[in-house]
Amino acid sequence: MTGAAVTHTGKAARPGFRLRPGRWALKAAALVAFIYILTPLIFITWLSFYSQEIPSYPPQGYTLRWYGQAIGNQRFIDAFVISAQVGILATLIGLVIALPASLGLARLRFFGRGAVNNLLLMPLIVPGIVLGFAIYVMLVEVAIRFEWNMLNSFGGLVFGHVLLVVPWMVRLIMASLAGFDRTLEEAAMNLGANRLTTFRRVTMPGILPGIVAGSMFGFVASFGNLELSLFLVGPGRTTLPIAILQYLQWKIDPTIAAISVLQIIIIAVAMLITDRFVKLSRVV
Amino acid sequence: MARLELDRLSKRYGDFHAARDVSLDVAEGEFLVLLGPSGCGKTTTLRMIAGFVEPTAGTVKIGGRDVTTLPPWKRNTGLVFQNYALFPHLTVGQNVAFGLEMRKVAKAEADAKVLDALKLVQLDHLIDRLPRQLSGGQQQRVALARALAFRPDVLLLDEPLSNLDAKLRHDVRVEIRSLQQRLGITTVMVTHDQEEALTMADRLVVMRDGAVRQIGSQKDLYERPADHFVADFVGRSSFLSGTMAGDAEMKTAGGLTVRCAKSLSGPAVMALRPERVYVGREPISGQDNTFPGEVEFVSYLGSLIDIHVRLSPQDRVIAQVPNHDSAALPAVGDTVHVGWAATPAVFPADSDMRA
Ligand SMILES: Nc1ncnc2c1ncn2[C@@H]1O[C@H](COP(=O)(O)OP(=O)(O)OP(=O)(O)O)[C@@H](O)[C@H]1O
Ligand SMILES: [Mg+2]
C-alpha cells in the first residue's frame, strides 16, 4: 500500500520489450484468479435473464421480467432505502471517529497504542454473528439498566454498522498517512499556515485517497452485511441482504439473481466514480 | 531582511546535546554558512531558527524581536528543504503563492509577486506545471522561489544542493548566491560540503558536537584555524604533534625542535598547509624551519604534486608543489629538505582528535 506521496504511476510495459516466461506465468495466474472471482458473477447475471421460474439448465428463453419484479417489489425498495441510509450514516459517523483515530495512532506515541490499534481491527476478525449477538446483548443491558431502548431501532442498527465501517477507514487512512511526507506540513507552517490551515490545505489533500477509499470500503461492508444486521433490524424495517434472505425462504425464482446484479452494478458504478477522483489502486 | 541573533541556543535530547550554547550574530543581508561533519547539530540549529525545534535554552531574535517562543508560522522565515517539500497537489504557481495567500495578500498583487519570484529563478514559463512534472533542479528553484516570494526576514537553506548532480550544483550555487546578494536577504545555509561553503559564504561557522568551534571568513578559517579540529576540517593540513618547549618552540614526538608563531605550553599539535611547505635538494633558506627527510610517497594530481616526506619515525609532513617540471620531481626514497615559516597554527592537543 502506498500513499499519495507516490507520484509515478505504473505505465504499461513499453512495447518492443519481450516478456520473459516469468511474466507470462504471472499474467496467467492473474487471469485464473480473475476468472475464478468473476465466474459466479457471470452465472448469476446469466441466470437473471432466464425465462423459466424454477432455474434449471438449459434456459428455455430469456426475459427482462425478473428485473421488473425486483424493481417493482416494495419490500426490496424499502430495504434498499434502509440499507442505503444505514450505510451512508454509518460511513459519516465512522469518518468522524476514524479520522482523528488514525491521526492519533499514526502520529502520537502513547501507552496502549498497540492495543488500540489491534482493537480497531477486531470487527474485521470477529465473526459477524458473534459481533451482532454481542451488540444485541449490550443493547438489552442498556435497555434494562438505563431504560433507553435501542433494541431493533434504526439508531441501534446504525451503531452496529459504524463498527463495520471504522476498521476499514482506519486501515486505509493510516496507510495514506504512512506514505505522507510530513516535511510538507513543515513547509506549510514555514510559509505561514497554522496547524488547522496546514491540515486543511496540505494534510487532507494528501490523505484524501485514503479517506475516500476507506469510506467506499466501509460503505460497501455496511451495505452488504447480513449477519450483524440480523440481530439489529426491527419489524418492518429490514436491510436489503435480509430482504433477499427472507424472499429466498419461500421462493427461488431469478428475481434474486436480478436484484443481486443490480446491487453489483450500483457498487461497481460507485467504485468507478470514486476512482475518477482518487486512484483507488494507489491506496489499496 | 533583518538581523538574526542567536544567544546561547541549546537543544538537549535527554543527556545528549544536539546543540550547545550556539551564539551567532548574522548581519542584515549577510550569507552565513553552517559547516560541520554529519550529526554536529547544523539542522537542529536551523530548525530552532525556523521554529520546528524548541530550544532547551537560549533565545532567537529576528530583526531585534525575540521569537524564541513563537510557532513557525509567526516567524516569517523562508526555509528551503533538502527534499524541496513542494506541495504535490498544487501547481508551481500555487506553491509559490502559498506564503502570500497565508499573508492575505490581495489576489492581483499576489499574482504579480508569484510571477516575479518565478522570474527570479527563470521558471515563469512552468507556472502551471505540477511539481512531479519538473526535474530535480527545477523543483529546487521552485522551492527557492516559494521561500522568497513573500520576502521572508531570513532565508534558511538546509543542504539545498545535495540532491543535484555535480554540474548543476555548481550553477545553482552561483545562482543562489547572486540572487541572495541582489535581494540583500539575510541567509543561513547548512552544508557539509566544504567547497560549497567556501564559495558561497560571507562568513562561516564551523560546528562540532553541537558546539560552535570557529566563526570567521574563509581566510580566517584557513589562515588562523582556532583549533585542531577546524584546521583538519577546513582545507588540508598535515600535523606534527609534540610538547611546547619554551617560547614559540615545539619539540615533536620524533625529537625535532620546530619554531612556531604562538606561545603556549604543554602537549600541542601544529598544522601545516601543504602548499606552505617547500621542498628542495638543499636546506631551505629563508624559512624558519628546515629539516632533511625521506620521500615516502608521491601523489600526482596533475597540475599539483603531493610529496609526503618523513622527517623522523614519528613525524611526517605533506608538501604540495606545482608541477613545473615533472623530470625534476623527487622520487620515493630520495632524501630531500623541507622548510616552512613559523606558523601560528599551533593548538593544545585535543583529546578527541587523533594526532
Ligand atoms: N529528535 C531527536 N531525538 C534525539 N536525537 C536527535 C533528534 N534530532 C536530532 N538528534 C541528534 O542530534 C544530533 C544533531 O543532529 P542534526 O540533524 O542537527 O545534525 P546535522 O549537523 O544536520 O547532520 P547532517 O549533516 O547529517 O544532516 C545528531 O546526533 C542527531 O542524532
Ligand atoms: Mg542535517
With chain B treated as a Gaussian network of Cα nodes joined by springs under 10 Å, which of B:63, B:14, B:216 yields the largest mean-square fluctuation?
B:14
With the charge dipole of the protein assembly as shown built from beta-carbon charges (+1 for Lys and Arg, -1 for Asp and Glu) about the Cα centre, the Cα from B:19, B:343, B:144 projecting farthest to the positive end belongs to B:144
For the protein assembly as shown: span of alpha carbons on each principal axis (Å, largest first):
118, 61, 52
Using every alpha carbon pair in the range B:236-348, what percent of pairs falls into each 10 Å bin from 0 up to the bin containing the largest distance?
15, 48, 28, 8, 0
Restricting to DSSP H runs of at least four residues, report the calculated mean residue ellipticity at 222 nm for chain B, -39500 (n - 2.57) per run over all residues, nearest 500 deg cm²/dmol.
-7000 deg cm²/dmol
With label points built 7 Å along Cα→Cβ from the Cα atoms of residue B:195 and residue B:329, find their separation and express it in nm.
2.0 nm
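Give, rounded to the nearest 20 debye, the magnitude of the charge dipole that chain A has about its Cα centre when Lys and Arg contribute +1 at Cβ and Asp and Glu contribute -1 at Cβ.
Result for chain A is approximately 1260 debye, rounded to the nearest 20.
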May I ask you to evaluate 6.51 cos²θ - 1.76 cosθ + 1.60, the Karplus curve with θ = phi - 60°, for each residue of the range A:154-164 and list the ³J(HN,Hα) values in order in whole Hz, giving x for glycine and proline?
4, x, x, 5, 4, 3, x, 5, 4, 5, 6
Solvent-accessible area per residue for chain B (1.4 angstrom probe, square angstrom):
44 Å²
Fraction of accessible area attributable to carbon and sulfur, the range A:74-282 (%, probe 1.4 Å):
71 percent
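Just to confirm, what accessible area per residue do you get for the range A:74-282 at 1.4 Å probe, in whole Å²?
Result: 48 Å² of accessible area for each residue.
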Given labels modelled 7 Å from the Cα in the Cβ direction, how far is it in nm from residue B:124 to residue B:112?
1.3 nm
So if each residue of separation counts as 0.36 nm, and I subtract the Cα-Cα distance between residue B:288 and residue B:349, what length gain in nm does that give?
19.7 nm
Counting only DSSP beta bridges with both residues in chain B, what percent are antiparallel, rounded to the nearest 5?
75 percent
In sequence order, calculated HN-Hα J values of the range A:176-185 (Karplus, 6.51, -1.76, 1.60; Hz; x Gly/Pro):
5, 5, 5, x, 8, 7, 6, 5, 4, 5
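What does the structure give for A:174-186 when I average, per residue, the other chain Cβ atoms found within 10 Å of the residue Cβ?
2
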If one builds a Gaussian network model of chain A from Cα atoms under 10 Å apart, the most fluctuating residue listed among A:197, A:238, A:45 is A:197
Once you have the Cα-Cα distance between residue B:59 and residue B:301, take 0.36 nm times their residue separation minus that, and quote the gain in nm to one decimal.
82.4 nm
Can you compute the FRET efficiency between residue A:54 and residue A:264 using 1/(1 + (r/R0)^6), with r the Cβ-Cβ distance and R0 = 25 Å? Round to the nearest 0.05.
0.60
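Taking the Cα centre of chain B as the origin, how large is its charge dipole in debye, to the nearest 20, when only Lys and Arg (+1) and Asp and Glu (-1) carry charge on their Cβ atoms?
1100 debye
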As I understand it, the dipole of the range A:74-282 uses +1 on the Cβ of Lys and Arg and -1 on the Cβ of Asp and Glu, about the Cα centre. Which of A:203, A:143, A:213 lies farthest toward its positive end?
A:203
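If r is the Cβ-Cβ distance from residue B:27 to residue B:178 and R0 is 22 Å, what FRET efficiency results, to the nearest 0.05?
Values: r = 19 Å, r/R0 = 0.85.
Result of the calculation: an efficiency of 0.75.
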Which value at 222 nm does chain A reach when only helices count, each DSSP H run of 4 or more adding -39,500 (n - 2.57), with the total divided by all residues and rounded to the nearest 500 deg cm²/dmol?
-23500 deg cm²/dmol
Cα principal axis extents for chain B, largest first, Å:
76, 47, 32
Listed by chain and number, the aspartates and glutamates with an alpha carbon less than 16 angstrom from that of residue B:74, same-chain partners under 8 positions apart left out, are A:185, A:186, B:54, B:66, B:101, B:153
If you take the square roots of the eigenvalues of the alpha-carbon gyration tensor of the range B:299-346 and sort them as a ≥ b ≥ c, do you get rounded (a/c under 1.5), prolate (a/b over b/c) or oblate?
oblate
Of A:236, B:36, A:42, which is farthest towards the positive pole of the protein assembly as shown's charge dipole, taken about the Cα centre with +1 and -1 on the beta-carbons of Lys, Arg and Asp, Glu respectively?
A:236
Taking N as the number of residues in the range B:82-207, the ratio of its alpha carbon radius of gyration to 2.2 N^0.38 Å works out to 1.04
Shape of chain A, Cα gyration tensor, a/c cut at 1.5
oblate
On complex formation of B with A, accessible surface lost, both sides summed, probe 1.4 Å, nearest 100 Å², amounts to 1900 Å²
Compare B:47, B:75, B:276 in a GNM of chain B, Cα atoms joined below 10 Å, and give the one with the largest fluctuation.
B:276
For the range B:64-95, which residues drop by 10 square angstrom or more in accessible area between the chain on its own and all protein chains together (1.4 Å probe)?
B:72, B:73, B:77, B:79, B:81, B:83, B:85, B:87, B:88, B:89, B:90
Between residue A:42 and residue B:166, what's the calculated FRET efficiency when r is the beta-carbon distance and R0 is 56 Å? Round to 0.05.
0.40
Accessible area of the range B:197-322 belonging to carbon and sulfur atoms, whole % at 1.4 Å probe:
50 percent
What is the dipole size for the protein assembly as shown, taken about its Cα centre, with +1 at each Lys and Arg Cβ and -1 at each Asp and Glu Cβ, in debye to the nearest 20?
1900 debye
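The values are calculated or read from the model by the stated rules, or taken from the named source; none is laboratory data. This one's a predicted model, so the numbers in the text were calculated from it and none came from an experiment. Neighbour counts are summed over all protein chains in view; Cβ atoms, including those assigned to glycine, are modelled from backbone coordinates with ideal geometry. Note: areas computed on protein heavy atoms with side chains; ligands, DNA, RNA excluded. Shrake-Rupley method; radii C 1.70, N 1.55, O 1.52, S 1.80 Å.
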